[in-house]
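Working notes for the structure below.
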Amino acid sequence: MVFSENLAYWYIQFKRDLPWRNTSSPYCIWLSEVILQQTRVNQGIHYYLRFIERFPAIEDLAKTPLDDVLKLWQGLGYYTRARNLHETAKLIVSDFGGRFPENYAGLIRLKGIGSYTASAIASIAFNEAVPVVDGNVLRVLARFYGNRTAINSKAAKKTFTDLAEHILDPVHPGLHNQAMMELGALVCSTRNPDCRVCPLNSECYAFLNHEINELPVKSPKRKSRTRHFYYFHITYKGKTFMKKRNGSDIWHSLYEFPLIETDGPVPLDALSQTNAWEEIFGKNHAVPFSASKTYKHQLTHQTIISKFYRTEINQPPESLNRLFASISADKLYELAVPRLIERYLEDTEPEMAK
Ligand code: SF4
């Protein structure tokens, strides 16, 4: 228990004053945990406040169309989180009368809530003794115990959850879990952890054995894939042609311009010989374009290299009318679009994109 006491004492003194720390509302805790997955706290705070202001209760989120939720989420990336958030909100309202199940077993049964989020809500909102294991906690545990299980391996989840359970404070599990996450974020950082001020330093394996830089262990990264996206910003009588992305690829449900994707860089005149071009422009090859700069957009396992070609047409080919929606200028900036397209719009129409 000395571990927990030292940790709790440190946390109470040094924790950051974050808006979701002043509540035990499962809705607010859930929202913050979903936003903070794969997002830095500084960026996440703005989104959290924006969401709470717009959707003060889960019923407000549930009754809002998905497109509006995605628009508010725009820029955070990993849009599956926003879609699951919306889906889960609807489910909690329809099947549970707007009340979250009050324990881990009930929470984990909900579609869209995984073990990490269920543990966070159960321990912080309902004081249930279940450990939370995020990236920060993994790092602290691997160093503290000198555990060499690769943190990105399949075995990691069980190994580190068992360790986290072993040291969990059963009386104050919510506080303990938050303290572990905060310690990993503020002190036991990936590079240059500040072991001198760490409340665990007297028993930490990595510190005592000078192995801070060797732990945690990570398996080599998956190779990143590069994709080339050529977008066509086509306007006709002030309207722009856009389409919602479908399928299991990135950016599901977000809007984009007509697109030709290639494996490598391809000049415009070569693009104009492709079937994909014909699907957009029909047989018309002589459209004048202005080209944007090249944009590079980094996702977890892929790099998107993109160029935007802009043109105004006199007569839309039948294919454009059939496959794409024509969006008026004022509505264009209300659509939920990938961050890549948002950057382009900010560069071309800074006033409208605000
Ligand atoms: S002593 Fe250093 S390595 Fe060990 S848990 Fe604390 S910050 Fe991390």
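Before moving on, here are some points about what is shown:
- For region 233-262, the set of residues classified as in contact (Cβ under 8 Å) with a residue 12 or more places away in the chain and small (Gly, Ala, Ser) consists of Gly238, Ser253, listed by residue number.
- Every pair of residues 6+ apart whose Cβ atoms lie under 7 Å, when the first sits in region 265-294 and is in contact (Cβ under 8 Å) with a residue 12 or more places away in the chain while the second is of a type in the set (Gly, Ala, Ser) and part of a helix (DSSP H, G or I): Glu279/Ser319; Ile280/Ser319; Gly282/Ser319
- Where Tyr205 falls short, out of the listed (1) in contact with a helix residue (DSSP H, G or I) (Cβ under 9 Å, 6 or more places away or on another chain); (2) more than 16 Å from the ligand (Cβ to nearest atom): (2)
- Matching residues in region 118-128 - criterion: being outside any loop (DSSP other than H, G, I, E, B) and either free of Cβ contacts under 8 Å to residues at least 60 places away in the same chain or within 21 Å of Leu186 (Cα to Cα) (or both): Ala118, Ser119, Ala120, Ala122, Ser123, Ile124
- For region 129-223, the helices (runs of 4 or more DSSP H) that sit wholly inside it and include 1 or more residues that are surrounded by 16 or more Cβ atoms within 10 Å (Cβ to Cβ) and in contact with a Cys (Cβ under 9 Å, 6 or more places away or on another chain) are 135-145, 173-186, 205-208.
- Test: residue in region 223-230 that is within 16 Å of the ligand (Cβ to nearest atom), over 23 Å from the mean Cα position of the chain (by Cα), modelled with pLDDT of 95 or more and more than 30 Å from Asn127 (Cβ to Cβ): no
- Within the option set Asn136, Asn192, Asn152, being within 16 Å of the ligand (Cβ to nearest atom), in contact (Cβ under 8 Å) with a residue 12 or more places away in the chain and polar (S, T, N, Q) holds for one residue only, Asn136.
- Test for Pro258: is it more than 18 Å from Ile313 (Cα to Cα) and surrounded by 11 or more Cβ atoms within 10 Å (Cβ to Cβ): no
The values are calculated or read from the model by the stated rules, or taken from the named source; none is laboratory data. Every value quoted in this text rests on a predicted model; they were computed, and no experiment measured them. Glycine also receives a Cβ, built like all others from the backbone with ideal geometry; neighbour counts cover every protein chain displayed.
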